[in-house]
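Q: Before I ask anything, here is the structure I am working with.
The values are calculated or read from the model by the stated rules, or taken from the named source; none is laboratory data. Here the structure is a predicted model, which is why all the values come from computation and not from measurement. Positions of Cβ are generated from backbone atoms using ideal geometry, with glycine treated the same way; all protein chains shown enter the neighbour counts. These accessible areas exclude ligands, DNA and RNA; they are computed on the full protein's heavy atoms, side chains included. Shrake-Rupley method; radii C 1.70, N 1.55, O 1.52, S 1.80 Å.
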Amino acid sequence: MARSLLKTSPNPVKTKLLHQIGLSLYNTSHGFHEEEVKKTLEQFPGGSIDLQKENNGIGILTLNNPSKMNAFSGVMMLQLLEKVIELENWTEGKGLIVRGAKNTFSSGSDLNAVKALGTPEDGMAVCMFMQNTLTRFMRLPLISVALVQGRALGGGAEVTTACDFRLMTTESEIRFVHKEMGIIPSWGGTTRLVEIIGSRQALRVLSGALKLDSEKALHIGMVEDLLQSSDETECLKEAQEWLQQFIKGPPEVIRALKKSVSCCKELCLEEALQTERDLLGTVWGGPANLEAVARKGKFNK
């Protein structure tokens, strides 16, 4: 019945959430020319973004440039977009862990690229490229967690805010060092940080007045939990076990849940309600729903 109603009812004013996956914030109307930016970023090689997709529906995205504390080269920025596009099309996916190689999350941008891209125009072009990429990342229908070992600095700290959750080891730290570099966060980090911890705490963190070691980050709600181990392999295992509590169930249901929550952050009330309705139409009467109804289980168990 729900499916037939959806077919005959008029289109909602905007079904942004259903269609925004794969869309970017900026285009040529904003003065953003993606192909030109890509050609520029290609000039700064080094490192890689690695993606491993597990059979349990958990993806593992690794920032891999250990000789530079996993700093983002231009090529890594391009590869991050490629991996996000791959994840957008991973219909079996339910969860995602973002981590850095060799017990370090990320030290932000590679300074070689920063020095070469010295004009305001260069800075804004990279800003728009990374905001596009991380917004698409944030909209992925996967429940994501940043696994922070060692340091997450600058742009690395901003990447953690694009995840739904954050986990830290006891000796790790998250630092927004942008002010020390004479700039402000530009990959969407300020906007997302305010949403996570509020404007007053965000000012303390961004100004450097509050240093986010693991205990302070846990206290202000920046992270959800502290991991017991500091070993790279054991940390990943802990993070996978922690994430399992969120992704039990069929991929189509988990993905619809994530989309539904995401719409509340981006859309006005009317649009969010309409999107919730449309998302319901993708799972109501589906295999998981029919199986649950047939079981007549007591859901309070």
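Q: In the stretch 234-245, what residues are over 16 Å from the mean Cα position of the chain (by Cα) and not polar (S, T, N, Q)?
A: Glu234, Cys235, Leu236, Lys237, Glu238, Glu241, Trp242
Q: Still on this structure, I have one more. Is there a residue being among the small types (Gly, Ala, Ser), modelled with pLDDT of 90 or more and over 22 Å from the mean Cα position of the chain (by Cα) anywhere in the stretch 3-25?
A: no
Q: For the stretch 204-230, name all the residues that are open to solvent by 80 Å² or more (accessible area, probe 1.4 Å) and charged (D, E, K, R).
A: Answer for the stretch 204-230, where residues must be open to solvent by 80 Å² or more (accessible area, probe 1.4 Å) and charged (D, E, K, R): Arg204, Lys211, Glu215, Lys216.
Q: Now, a different point. Only one residue in Thr161, Thr190 is within 29 Å of Leu257 (Cα to Cα), of a type outside the set (Gly, Ala, Ser) and either within 11 Å of the chain's Cα centre (by Cα) or modelled with pLDDT under 95 (or both). Which one?
A: The conditions single out Thr161.
Q: Let me ask something else. If you go through the stretch 44-61 one residue at a time, how many are in a strand (DSSP E or B) and crowded, with 20+ Cβ neighbours inside 10 Å?
A: Number of matching residues: 4.
Q: Just checking, which of Gln149, Gln201 is of a type in the set (S, T, N, Q) and open to solvent by 10 Å² or more (accessible area, probe 1.4 Å)?
A: Selected residue: Gln201, the only one of Gln149, Gln201 that is of a type in the set (S, T, N, Q) and open to solvent by 10 Å² or more (accessible area, probe 1.4 Å).
Q: Test each condition in (1) under 21 Å from Thr28 (Cα atoms); (2) open to solvent by less than 10 Å² (accessible area, probe 1.4 Å) for Met124 and report the one that comes out false.
A: (2)
Q: I'd like the full set of residues that are in contact (Cβ under 8 Å) with a residue 12 or more places away in the chain and in a loop (DSSP other than H, G, I, E, B), limited to the stretch 262-275.
A: Correct list: Leu267 only.
Q: Right, another one. Looking at this structure, is Gly57 within 15 Å of Phe137 (Cα to Cα), under 19 Å from the mean Cα position of the chain (by Cα), assigned by the TED database to the domain that holds Asp122 and modelled with pLDDT of 95 or more?
A: It is false that Gly57 is within 15 Å of Phe137 (Cα to Cα), under 19 Å from the mean Cα position of the chain (by Cα), assigned by the TED database to the domain that holds Asp122 and modelled with pLDDT of 95 or more.
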